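Some notes on the structure that comes next.
The values are calculated or read from the model by the stated rules, or taken from the named source; none is laboratory data. These numbers come from a predicted model, not from an experiment. Cβ coordinates were reconstructed from backbone atoms using ideal geometry, including for glycine residues, and neighbour counts include every protein chain displayed. Accessible surface is based on the protein model in full, side chains and every heavy atom, while ligands, DNA and RNA are left aside. Shrake-Rupley method; radii C 1.70, N 1.55, O 1.52, S 1.80 Å.
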Amino acid sequence: MRRLRIHGGNPLRGKVRVPGDKSIGHRALIFGALAEGVSRIQGLPRSRDLLATRNALGSLGVKIVEEGPERICIHGVGLDGLRMPERPIECENSGTTMRLLAGVLCGQRFGTRLVGDSSLSRRPMGFLVSALRARGAHIGGTRWPVPKGSHADPDELYPPISIAPLVEGERLAPLEFHSPNMSAQLKSAVLLSALYADGPTVVYETLLSRDHTERMMLALGMPLQTTGTISLFDPTSWARCWEGFDWQIPGDLSSAAFLLVAGAVVPGSEIEIENVGTNPTRTGLLEVMRWCGVRLQVAPRGEGAGHEPWAEVRVRSGVQSPFRVGAELALRMIDEVPIACVLALAASGRSEIRDVQALRFKESDRIENTAAFLRAMGAQVVVLEDGLIVEGKSKLHGTRIDPQGDHRIAMAAVVAALMAEGETVVENAECIEVSYPNFVETLQSLGANIEIEEEKS
Ligand code: S3P
């Protein structure tokens, strides 16, 4: 068990790097595993979620070798080279691992089971199961009793997911898929299953969710066309293979977000982050910060893995206006909502975030848990079915916070604690390793006063 003792007050100053992007990392690992030949990936973070995908691919017969700090080499086995794992695949806390791999595994001639930890076992899989079944996959989920007061649908399907093999001569069917919920994980699972189909796949979204999968497929020369919110994959004259690649993963904007907001809300701060991924489907928080009057400089530096833009980003402290977020903007900052609420605390008025009901089904119910820790620190927050209203200029005081096993709640609480009077204790902070193992050390290097206490559990 890890406990953090945080005292606010110190300005944060310096230049840092953030770990590679988690979403891009999962996809790079999967496309590397299915390539013909060797791929090298630089900048893959050592987060627990990515280790889950790495281990899963290892159990499917893919050799992945560490070549240096954050540099790995994947010996791709080709589209038809995966082999049956000896045990169920452990996806731990990672929804992306489970959903993306389901897309690949439903096209195999062997059966598999995908299992997760207690948090992942409560995350909905019904849309995924229906989408893949609609193209002939033999896939099923599990029905759990719904706890009282939960937002879950009693007819929903959850992990474990079971996938039976395609039989001799059977292929997945073409599919026209209208995505019901703008989930990039769902869209990506459908696009990955398209690699095993004997006809075209069309995916329609109503708003464009993060498009890392599409960018990589295009970069690898696959027969994909994207037009706005529609993707068309037509394998008619495709050789069903691609070569290994050498990619650098840009830094994770969803991790950088905690440092950027810390830089904005802690007086006297100035932080520069060298390697921030700036894919436009992810940059909602940067726009919100600008509206709030935060002094933010974004200097584009190039492209990484599969046409992913990245930039050097500098932030200086000072937050003015409150903000309103909904619809497309909300989707482009879906993982940044807890930390955007911390930004809202520093603004001069009431901020409102709507259209984020998906947050109720993340690693925890992030709407309730964000409100819970902010209120415990003295903030005024209203919980809505689909979002939150946060009163700005609240005076925060230190308290004891349990992030409920959710890495993004834990990191948002640490940043809020840097604005609070007195000591804040964040219990069970080891969950931060799910996405950003060096988060606390990075804040310490910038000058934050945080003590780490380890306890044997
Ligand atoms: C992700 C997509 C989003 C995001 C998650 C990572 C991805 O989830 O919240 O952290 O890598 O595709 P949904 O697809 O469920 O919206």
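Just a few scattered comments:
- Farthest toward positive dipole pole in the chain [+1 Lys/Arg, -1 Asp/Glu at C-beta], among ALA347, GLY58, ALA134: ALA347
- With all protein chains in place and a 1.4 Å probe, the accessible surface of the chain carries 49 percent carbon and sulfur.
- Positive-end extreme of charge dipole, the chain - chosen from PHE258, THR96, ILE163 (charges on Cβ): PHE258
- Lys, Arg +1 and Asp, Glu -1 on Cβ, resulting dipole of segment 22-248 about Cα centre, debye, nearest 20: 460 debye
- Ellipsoid equivalent to segment 22-248 - semi-axes via the Cα gyration tensor, in Å: 25, 21, 18
- Neighbour count of at most 16 Cβ within 10 Å plus DSSP loop: longest chymotrypsin sites (Phe, Trp or Tyr not before Pro)-free window in the chain: 239-457
- In plain terms, if you count all Cα to Cα distances in segment 292-427 and split them into 10 Å steps from zero, the share in each step is 12, 40, 34, 13, 1 percent.
- Antiparallel DSSP beta bridges within segment 126-272, percent to nearest 5: 70 percent
- C-alpha center-to-center spacing [segment 112-183, segment 193-219] in angstrom: 18 Å
- Solvent exposure of segment 22-248 as accessible area per residue, Å², 1.4 Å probe: 40 Å²
- Trypsin sites (Lys or Arg not before Pro) restricted to DSSP loop in segment 65-116 with at most 14 other C-beta within 10 Å: ARG83, ARG109
- DSSP-loop GluC sites (Glu not before Pro) across segment 153-222, with at most 14 other Cβ within 10 angstrom: GLU168, GLU170
- For the chain, the alpha-carbon radius of gyration amounts to 0.95 times the rule-of-thumb value 2.2 N^0.38 Å expected for a compact globular protein.
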